[in-house]
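Participant: Below you'll find the structure I mean.
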Amino acid sequence: MISKELEVLNRAGIHARPAAEIAKRASSFSSDISFVLDSMTVNAKSIMGVITLGATYRTKLTCICSGPDEDDAMKAISDLFASRFEEK
């Protein structure tokens with residue numbers, strides 16, 4: 001199991017399109033991937049779960065990956081956050 005703090009860098013925060021992109025990317029891995037914000041933990045493979053976090057600009061989340069491809073999963077999710085969910 002590995003964890004990393006990630007920061008939402010796009011001004012619009014995590015709305016429907018970024019949540020769908022996160023869930024799509026997370027679902028391509030067999031590892032369990034979750035986000036923790038305060039006392040809430042959600043499955044990163046669930047669009048509704050990710051939206052439920054209500055993560056706005058500069059929100060810091062903890063990403064936890066656990067499984068056989070956890071390193072690749074963490075890199076993919078981290079890269080997605082770093083690219084501002086590929087939004088301009």
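Participant: Once every DSSP H run of n ≥ 4 in the chain is given -39500 (n - 2.57) and the sum is divided by its residues, what mean residue ellipticity at 222 nm do you get, rounded to the nearest 500 deg cm²/dmol? Before the final figure, lay out the partial values.
Facilitator: Values: 3 runs with 31 residues, N = 88.
Rounded to the nearest 500, the figure is -10500 deg cm²/dmol.
Participant: Simple spin-label model, 7 Å along Cα-to-Cβ: Ser3 to Glu87 in nm?
Facilitator: Spacing of the two 7 Å Cα→Cβ label points: 2.7 nm.
Participant: If you fit an axis through the alpha-carbon atoms of helix 16-27 and take the longest principal axis of the Cα set of the chain, what angle between them do you get, 0 to 90°, nearest 10?
Facilitator: Tilt relative to the chain: about 10 degrees.
Participant: Select one label from (i) 16, 30, 17, 12, 10, 8, 5, 2, 0; (ii) 20, 60, 20, 0; (iii) 16, 48, 26, 9, 1: the one whose number is P(r) over Cα pairs in 10 Å bins from 0, in percent as derived from the coordinates shown.
Facilitator: Among (i) 16, 30, 17, 12, 10, 8, 5, 2, 0; (ii) 20, 60, 20, 0; (iii) 16, 48, 26, 9, 1, the one calculated here is (ii).
Participant: Per the 1.4 Å probe, what fraction of the accessible area of the chain, in percent, lies on carbon and sulfur atoms?
Facilitator: Values: 2460 of 4780 Å².
That fraction is 51 percent.
Participant: Which net charge results when you count Lys and Arg as +1 and Asp and Glu as -1 among the other residues whose beta-carbon is under 12 Å from that of Glu7?
Facilitator: Surrounding charge for Glu7 is +3.
The values are calculated or read from the model by the stated rules, or taken from the named source; none is laboratory data. Since this is a predicted model, take the numbers as computed values, not measurements. All Cβ positions, glycine included, derive from the backbone under ideal geometry; neighbour counts span all protein chains shown. For accessibility, only protein heavy atoms count, side chains too; no ligands or nucleic acids. Shrake-Rupley method; radii C 1.70, N 1.55, O 1.52, S 1.80 Å.
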